[in-house]
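Peer 1: So that we are looking at the same thing, I have put the structure below in C-alpha cells.
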C-alpha cells in the first residue's frame with residue numbers, strides 16, 4: 001500500500017514543496033502555499049459533459065443603468081460573476097458603486113450593499129446626495145464573509161456591492177481583515193456565493209501607494225472582471241478601464257466627470273477637452289488620439305522659453321521620453337533651434353497621452369511656440385516620428401479622421417500612408433517632419 005504524502009503548491013509562482021510553509025521559498029510571498037494533493041490517496045474522476053449541452057443565456061449581461069460603466073462592461077454585469085473595482089482612495093470608487101446600486105434598485109430589483117467601512121447612516125447620507133434612495137436597496141454592516149454569504153442566500157439580491165474587499169474577514173482563517181490569507185479566503189467565498197445563487201458581485205478594492213492593487217495578484221485571477229478608476233484627484237475627470245473581462249473586450253474606456261450629484265458620464269469627450277481651447281494660439285495643436293476603442297480629439301500645448309537659471313523640461317500628462325525623442329528629431333532633421341531653452345508640454349483637460357500618434361503634433365506645437373506661428377484652427381495633426389525624421393503611420397487612422405471631422409476640423413496633416421477619410425476633410429499627406437512644418441513655418445525654419 002502506498003504511503004500517503006501531502007504535496008503543497010504556491011498559488012503565486014507554482015513551485016511545490018513537501019512541507020507547508022508560511023512563506024514561499026520560490027517567490028517570497030506570504031500565505032500562498034496550500035495543499036494540492038495527497039499521494040497514494042485514490043482520486044475520483046470528474047464527469048465530463050458535452051460543451052454543446054450548455055446554454056449561453058446565463059452569460060447575457062444585465063445593464064447597471066450607467067452608460068459609461070455599461071460601455072466598459074460590454075453591456076453590464078453577468079449573473080454569477082464577480083467584478084473587482086480598484087482605484088486610489090478618493091478617486092470615486094464608492095460613489096460609482098453606490099450609483100450603480102441605486103440605479104439597479106430603482107427598477108425594483110433587490111440590491112445588497114455590504115458597508116464594511118461606513119455606518120448605515122453614512123451610506124444613506126451619500127446615497128441621498130446622489131438622488132432618491134429606492135426601498136429595495138438593502139444595507140448591512142456585517143463584515144464576516146460567511147454571514148454575508150448566508151444573507152445573500154436568504155435575500156437573493158440581483159447585485160451585491162461590497163465596500164470594501166479589504167474589510168471582510170472569516171473566522172476560519174488566521175490574520176486580520178485585509179491580510180493576504182483573509183483576502184484570498186473572502187474572495188473565494190464571494191465567488192462561491194455568486195456562482196451558487198447567480199448573483200452579480202461588485203467588490204471595491206484598494207490600491208497601494210505605487211498604484212498596484214492591494215493584496216495578492218491571485219485575486220485578479222479569481223474574479224471575472226477587474227475595473228480600474230483612474231484620474232487626477234485634483235481634477236474632475238475620471239477614466240474607467242477594464243484590466244480584465246471574461247465576458248467582453250478590455251479595450252473600452254469610460255469617461256466620467258466628478259460633480260455634486262456623483263460621477264456623470266462624458267459621452268462627447270472631445271468636446272469636453274476642446275471646450276476652452278484658444279484656437280490659433282502659438283504652441284497649441286489639436287491631435288486625434290485613440291484610447292482603447294475610443295477616438296478623442298485633445299489639445300496638445302507646448303511652450304519654449306528662455307531659461308531663468310538653467311534649461312528645464314517639464315511635462316504634464318505626457319511621457320517625458322516622447323518629449324526627448326521629438327526634440328532630438330527636431331534638432332537633427334530641421335532648422336528649428338531649441339538649444340538650451342526651457343521646454344514645457346502638456347495635454348489640456350487631464351487626459352493621459354500615451355499614443356505615439358501624437359509625436360507629430362508635439363513637434364508642430366514646439367516649432368509653433370518657438371516661431372510664434374499659430375496653427376490654423378481647422379487643422380488637426382497626427383503621426384508617429386521615426387529617428388530619421390520620417391512620419392510613420394499609426395493605428396486606426398480613419399477612425400481618427402472621422403472623429404476630427406465630427407468635431408468640425410476640415411484639414412488634417414497626416415502620414416503619407418493614411419487612407420482617405422470622410423468627404424469634406426482635406427488630407428495633407430507628409431512623409432517627413434520638415435515637409436509637415438513647411439505648412440506652418442517659413443522655409444528657412446524647416447530646412
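Only the coordinates and a few stated rules stand behind these numbers; no lab work does. Here the structure is a predicted model, which is why all the values come from computation and not from measurement. Counting neighbours? That spans all protein chains shown, and the Cβs are built from the backbone with ideal geometry, glycine included.
Peer 1: Which number do you get for Rg(Cα) / (2.2 N^0.38 Å) in the range 271-445?
Peer 2: Against the compact-globule rule of thumb, the ratio is 0.94.
Peer 1: What do you get for the angle between helix 120-130 and the principal long axis of the chain? Use alpha-carbon atoms, 0 to 90 degrees, nearest ten.
Peer 2: So the inclination is approximately 30 degrees.
Peer 1: Is the range 61-266 rounded, prolate or oblate when judged by the Cα gyration tensor, a ≥ b ≥ c being the square roots of its eigenvalues, rounded requiring a/c under 1.5 and prolate requiring a/b larger than b/c?
Peer 2: Rounded is the answer for the range 61-266, as its axis ratio a/c remains below 1.5.
Peer 1: How high is the relative contact order of the range 271-445, given as a whole-number percent (alpha carbon pairs under 8 Å, six or more residues apart)? Mind showing how you got there, number by number?
Peer 2: Working: 375 pairs, mean separation 44.4, N = 175.
Answer for the range 271-445 is 25 percent.
Peer 1: If you take every DSSP beta bridge fully contained in the range 59-178, what fraction is antiparallel? Give it as a percent rounded to 5.
Peer 2: Here the antiparallel bridges make up roughly 10 percent for the range 59-178.
Peer 1: What does the convex hull of the alpha-carbon atoms of the chain project to on average, in nm²?
Peer 2: 28.6
Peer 1: List the relative contact order of the chain as a percent without decimals, with contacts defined as Cα pairs under 8 Å and 6+ residues apart.
Peer 2: Contact order relative to length: 12 percent.
Peer 1: While we're on this one: Taking square-rooted eigenvalues a ≥ b ≥ c of the alpha carbon gyration tensor, is the range 108-161 rounded, prolate or oblate, where a/c under 1.5 means rounded and, failing that, a/b exceeding b/c means prolate?
Peer 2: It is oblate, given that a/c is not under 1.5 and a/b is not larger than b/c.
Peer 1: Next question, about the same structure. Go ahead and estimate [θ] at 222 nm for the chain from helices alone: -39,500 (n - 2.57) per DSSP H run with n ≥ 4, summed, over the residue count, rounded to 500.
Peer 2: -7500 deg cm²/dmol
Peer 1: Moving on. Using label points projected 7 Å from each Cα along Cα→Cβ, tell me how many nm separate residue 147 and residue 352, to one decimal.
Peer 2: 3.8
Peer 1: Which whole-number percentage describes the relative contact order of the range 61-266, with Cα contacts under 8 Å and a sequence gap of 6 or more? Numbers along the way, then the final one.
Peer 2: On the way: 470 pairs, mean separation 60.1, N = 206.
It rounds to 29 percent for the range 61-266.
Peer 1: Further question on the same structure: Where in the range 327-358 does the label zone of residue 236 land, with the point 7 angstrom along Cα→C-beta and an amide N cut-off under 17 Å?
Peer 2: 348-351
Peer 1: Please give the peptides 118-126, 132-140 ranked by average Cβ packing (other Cβ atoms within 10 Å per residue), highest first, as a rough proxy for protection.
Peer 2: 132-140, 118-126
Peer 1: Using only Cα atoms and rounding to the nearest 10 degrees, what angle (0 to 90) does helix 180-197 make with the longest principal axis of the chain?
Peer 2: Taking the Cα atoms of the chain, the angle to 180-197 is about 80 degrees.
Peer 1: Something else about it: Just order 166-176, 303-313 by mean Cβ neighbour count inside 10 Å, highest at the front, would you?
Peer 2: 166-176, 303-313
Peer 1: Something else now. Have a look at the DSSP beta bridges in the range 369-447 and tell me what percent are antiparallel, nearest 5. Could the numbers behind the result be given before it?
Peer 2: Values: 3 of 11 bridges.
Roughly 25 percent of the beta bridges in the range 369-447 run antiparallel, per DSSP.
Peer 1: May I ask for the angle, rounded to the nearest 10°, between helix 359-371 and the longest principal axis of the chain, with both axes built from Cα atoms and the value confined to 0 to 90°?
Peer 2: Rounded to the nearest ten degrees, it is 40.
Peer 1: Using just the C-alpha positions of the range 137-254 as equal point scatterers, what log10 of I(q)/I(0) does the Debye formula give at each q in 0.16 1/Å?
Peer 2: Evaluating at q = 0.16 Å⁻¹ gives log10 I(q)/I(0) of -0.83.
Peer 1: Roughly what % antiparallel, to the nearest 5, for the DSSP beta bridges in the chain?
Peer 2: Details: 43 of 81 bridges.
The answer is about 55 percent antiparallel.
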